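The values are calculated or read from the model by the stated rules, or taken from the named source; none is laboratory data. Owing to the predicted nature of the structure, the values given are computational and were not obtained by experimental measurement. FYI the Cβ positions are ideal-geometry reconstructions off the backbone, even for glycines, and counts take in every protein chain you see. These accessible areas exclude ligands, DNA and RNA; they are computed on the full protein's heavy atoms, side chains included. Shrake-Rupley method; radii C 1.70, N 1.55, O 1.52, S 1.80 Å.
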Amino acid sequence: MLIISACLAGVRCRYSGDAAGHDPELKRLAESGRALLLCPEVLGGAPVPREPCEIKGGDGFDVLAGRARVYTKHGADKTDVFLAGAASVLDAARRCGAKTAILKERSPSCGSASIYDGTFSGRQRPGCGCTAAILLRAGLTVCSEENYRLLVRPCACWYS
């Protein structure tokens, strides 16, 4: 079983109210029952659409440790929403036995290698989002829509 960011399979749950794309392979995995589509921010209680957020003061590991926070562009602290969503995704992963997550790169929740730098300038920095961090800490393999074909070798069991 896989966890997949819902926006990658066409679910309109992003902050802007749209989807991040529509990867037919990821959608097929969900439709076949081999993947669970989740949006951590929605699970944490965020509406769709919502104000964009970025992590200030570190990355997702720092948010989990209380050293960084997640803020909207206008300065509202949404850390609790991101922590609740990350915990919900981890709980779902444990319940379904997921070992791998394919998450939306650059997201303050789902970024696996790169996130925005917290200035709302469009600049990126190395690091992961809150959900990616909690899943990595729990021992799951985490990758993005940009590299899952390289890091997670699709196998027949994904489709059978």
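Run the quick spin-label model on GLU146 and SER32: label points 7 Å from Cα toward the beta carbon, then report their separation in nm to one decimal.
Rounded to a tenth, the inter-label distance reads 2.7 nm.
Give me a comma-separated list of calculated 3J(HN,Hα) values for segment 129-140, in order, Karplus coefficients 6.51, -1.76, 1.60 applied at θ = phi - 60°, integers in Hz, x for any Gly or Pro.
x, 5, 5, 4, 5, 5, 6, 4, 4, 7, x, 7
What are the residues whose amide H is under 5 Å from the amide H of ILE115, where those residues sit 5 or more places off or on another chain and H is modelled from the backbone?
For ILE115, whose amide H was placed from the backbone, the distant partners under 5 Å are ARG125, GLY127.
Averaged per residue, what accessible surface does the chain expose to a 1.4 Å probe, in Å²? Let's see the in-between values first.
Details: 7500 Å² over 160 residues.
It amounts to 47 Å² per residue over the chain.
Tell me, what is the FRET efficiency for ALA65 and ARG94 to the nearest 0.05, using R0 = 22 angstrom and their Cβ-Cβ distance as r?
Numbers: r = 21 Å, r/R0 = 0.95.
My answer for the efficiency is 0.60.
Once neighbouring chains are kept in place and the probe is 1.4 Å, which whole percent of the accessible area of segment 106-148 is contributed by carbon and sulfur? Working shown, then result.
On the way: 770 of 1650 Å².
Its accessible area is 47 percent carbon and sulfur atoms.
Extending each Cα 7 Å along its Cβ direction at ALA138 and SER121, get the distance between those two points in nm, one decimal.
3.5
Suppose each label sits 7 Å from its Cα in the direction of the beta carbon; what would the HIS22-VAL48 distance come out to in nanometres?
Inter-label distance under the simple model: 1.4 nm.
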